[in-house]
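This report concerns only the one structure given below.
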Amino acid sequence: MQSLVRLVIGTVAVVAVVGSPTAAFAQIGERSYRGLFSGSGHDPDLRHSLEFGGTVTEGYDDDAPGQFVGSPSDFLVSGFSTILEGHAQYRWRGERFEFGTTGASVLRYFNEFDNFRSSTHTGAIGFSAKLSAANELFFNQAVAYSPSYLYSLFPVDPFVDPGEAPPAGEDFQVVDSVSMTYNTDLRLTHSLSARNMLAGSANYAYTDFRDDEPVAGQPIYSDLRSMGARVDFTRNFNRRLSMVAGYLYRQGDYAFSTGGDTTEHGFEGGLDYKRTLSRSRSTFVGFRLGSSSLSGADIQSGGVTLFSGAVNGGYQFGRSWTARGNYRRGIDYVAGFSSPVVSDGLTVGVDGSIASNLELFTSFGYSNGDSALFEQAFPFNTYTGQVTLRYGMTKTIALTLEYLYYYYQFEDDAPLPVGIPTGLERNGVRAGLSVWVPAFRK
């Protein structure tokens, strides 16, 4: 009877309360299944699970400067809003096969307008399979409805678990737009020997803006399509240290923009170091150095060559604390822009349990860059900081308190779509109630 009640409550939470998962950093092993609010923990022995979750949050945002009020982005108004979040997750893990699927949504009710002015939904399905002793296959299909595209300027975890959905970034929305984004990842790994491994991967991404027809007072965005493939060779010197070298090919197309397709060729190499601290904890650091050559109809003199690099790492200390960081310099295809961007981005965070029923999560992100095709076309700076406290009242109910800071700035004459302000500074405070409903775990 208790399981039935939990299942009914979880179903209602998903239907009536909708939300998004938190953006991830490097996968260095999750904290053990512990604490009073068990929805934030990880059970290393868990093989089969179905979970639901939801949060009701009251927030206050101070958006500045005030001259943006009254523009087509007039939902950037300081004041109170109610955020309804929820997600569902199913995972099954066997000896040779792992399957996962997630669904998440967020609705935001703005008191200033007395209606819902923002909604985002994400979902994903994926699997990894050990085809043989030497071959492993990974597949993941993700879809998102109207996420925050400027949020993707911050680097996030390059490792994706089966069924992992992209972050919605609802706190970073600056304009009300309707779009669908599809992202497909496929990877095949082949062990050449005990120390050598070859991996081939492919990615296809497409963003379809539904409001790309001229409408008075609404921004017009360019649809974005990109596809790429890469090959990586890994040499394991021992159980902890490995060398990686790879080649990347990628093509991008901004529909309705004045330019044509762009083609990217890139080479990179680096080292990975991972040390296991316990059955569920580890420390990891990896770096990459390389260069990319970009060519296309927009680029004069045959093309441009750009330096690229990345550092990704994490360290677990104490019984529950984790420090994570991700730096990346490279070329990105960001929806809403008219051409690829080259950016330097940094994301760091620390989280852990202050007490058995009190958890702290912190994160900081910074990014600056410009068009990869034209110097000083739309230079930008953006950074954000977030601090969250979660107090577990029971194993399924928790109180949350959060502070958010978000800032970005483009040049005054940057060619942004109508309705996108050239700059924004946002301070936000959130307080809410979270519910975690494990339908079954075994």
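The values are calculated or read from the model by the stated rules, or taken from the named source; none is laboratory data. These numbers were taken from a predicted model, which means no experiment stands behind them. Methodologically, a virtual Cβ is constructed for each residue, glycine included, from the backbone with ideal geometry; neighbour enumeration extends over all protein chains shown.
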So if I check each of G345, G352, G296, G318, which one is more than 19 Å from V156 (Cα to Cα), in contact (Cβ under 8 Å) with a residue 12 or more places away in the chain and within 23 Å of the chain's Cα centre (by Cα)?
G352
Of R96, R91, the only residue that is charged (D, E, K, R) and touching a residue at least 40 places away in the same chain (Cβ under 8 Å) is R91
Quick check on the stretch 174-192. Is at least one of its residues modelled with pLDDT of 95 or more, assigned to a loop (DSSP other than H, G, I, E, B) and surrounded by fewer than 19 Cβ atoms within 10 Å (Cβ to Cβ)?
yes
Quick one: is A335 outside any strand (DSSP E or B), surrounded by 18 or more Cβ atoms within 10 Å (Cβ to Cβ), touching a helix residue (DSSP H, G or I) at 6+ places or on another chain (Cβ under 9 Å) and touching a residue at least 12 places away in the same chain (Cβ under 8 Å)?
yes
Subset of the stretch 193-204 that is exposed (fewer than 15 other Cβ atoms within 10 Å of the Cβ) and hydrophobic (A, V, I, L, M, F, W, C) - its residue that is modelled with the lowest pLDDT
A194
For the condition in contact with a strand residue (DSSP E or B) (Cβ under 6 Å, 6 or more places away or on another chain) and at pLDDT below 90, what is the one hit in S73, S152, S105, S118?
S118
Members of the stretch 205-236 found to be at pLDDT 95 or above and among the aromatic types (F, W, Y), listed by number
F233
Filter the stretch 87-97 down to residues that are farther than 17 Å from F440 by Cα and in contact with a strand residue (DSSP E or B) (Cβ under 7 Å, 6 or more places away or on another chain) and give me whichever is surrounded by the fewest Cβ atoms within 10 Å (Cβ to Cβ).
R96
Take the stretch 321-335 and flag every residue that is within 17 Å of the chain's Cα centre (by Cα) and of a type outside the set (S, T, N, Q).
R324, G325, Y327, R328, R329, G330, I331, D332, Y333, V334, A335
Members of the stretch 377-396 found to be touching a Ser or Thr at 6+ places or on another chain (Cβ under 6 Å) and β-branched (V, I, T), listed by number
T382, V387
Give the residue that is surrounded by the fewest Cβ atoms within 10 Å (Cβ to Cβ), with candidates limited to residues of the stretch 355-405 that are among the β-branched types (V, I, T) and within 29 Å of D344 (Cα to Cα).
V387
